[in-house]
Ligand code: SF4
Ligand code: SF4
């Protein structure tokens, strides 16, 4: 899921200058799970904006704000409230915010910061395990991502700073490469590490990406 956090009100209010009426949009998927833009957060934002002297013309939680067709359809279903608003304030990831910006000519205000693609450890705890590098190396590393889990993204580790199995960047964390070694050793595959991993092909990181599952 995309982990996002809500911007503080003192960053949102300046973006709403020049207008008084706001329509608030949340997302029922990732932004709800990370409590950046679910029902509760949208309701709280409505209260905070009202207390700050703004008029909230309406609110909506879209099922998946990143789904552009659905977002357009849902906003049309609330046309009157949207039309009354000077701003559409969106509490979702950046992809959702841009769906709204494409679906409406209204001024769109981002109410959240997108942080990372996250695994859910348990409720309210998210961990970054993949940086979407586009050139996955997990087959060589026992399923542990060196690009993400190692702060230096080293493909051949450990670096010289590893101490007692811990990472030099944050000694409270195990070195990613020690973890990879231990995983491969447990699987009888430590020989994997005798081969140097080729450097990354950064052309995979070029963006914007598009993918169509339609057959040519
Ligand atoms: S190598 Fe790491 S960052 Fe790249 S795709 Fe695989 S898990 Fe994601
Ligand atoms: S100690 Fe290990 S995890 Fe930390 S930066 Fe060096 S190789 Fe990466």
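Could you tell me whether any residue of region 107-115 is in a strand (DSSP E or B), within 16 Å of ligand 1 (Cβ to nearest atom), in contact (Cβ under 8 Å) with a residue 24 or more places away in the chain and under 23 Å from the mean Cα position of the chain (by Cα)?
Yes: region 107-115 contains one or more residues that are in a strand (DSSP E or B), within 16 Å of ligand 1 (Cβ to nearest atom), in contact (Cβ under 8 Å) with a residue 24 or more places away in the chain and under 23 Å from the mean Cα position of the chain (by Cα).
How many residues does region 176-202 contain that are surrounded by 15 or more Cβ atoms within 10 Å (Cβ to Cβ) and assigned to a helix (DSSP H, G or I)?
12
Considering only residues that are over 19 Å from residue 113 (Cα atoms) and out of contact with any helix residue (DSSP H, G or I) (no Cβ under 7 Å at 6 or more places or on another chain), which ones fall in region 15-51?
17, 18, 19, 20, 47, 50, 51, listed by residue number.
Give me the pairs: first residue in region 149-169 and closer than 16 Å to residue 195 by Cα, second residue part of a loop (DSSP other than H, G, I, E, B) and more than 6 Å from ligand 2 (Cβ to nearest atom), beta-carbon distance under 6 Å, and six or more apart or on different chains, which are they?
155/197; 156/196; 156/197
Out of everything in region 131-158 that is over 25 Å from residue 3 (Cβ atoms) and out of contact with any helix residue (DSSP H, G or I) (no Cβ under 8 Å at 6 or more places or on another chain), what residue ends up being nearest to ligand 1 (Cβ to nearest atom)?
Residue satisfying both the conditions and the ranking: 139.
Yes or no: residue 66 touching a residue at least 12 places away in the same chain (Cβ under 8 Å) and in contact with a helix residue (DSSP H, G or I) (Cβ under 7 Å, 6 or more places away or on another chain)?
Judged against the criteria, residue 66 is a match.
Throughout, read-outs are computed from the coordinates displayed, never taken from laboratory work. Predicted, not measured: the structure shown is a model, and the values here were computed from it. Note that we place each Cβ from the backbone using ideal geometry, even for glycine, and neighbour counts take in every protein chain shown.
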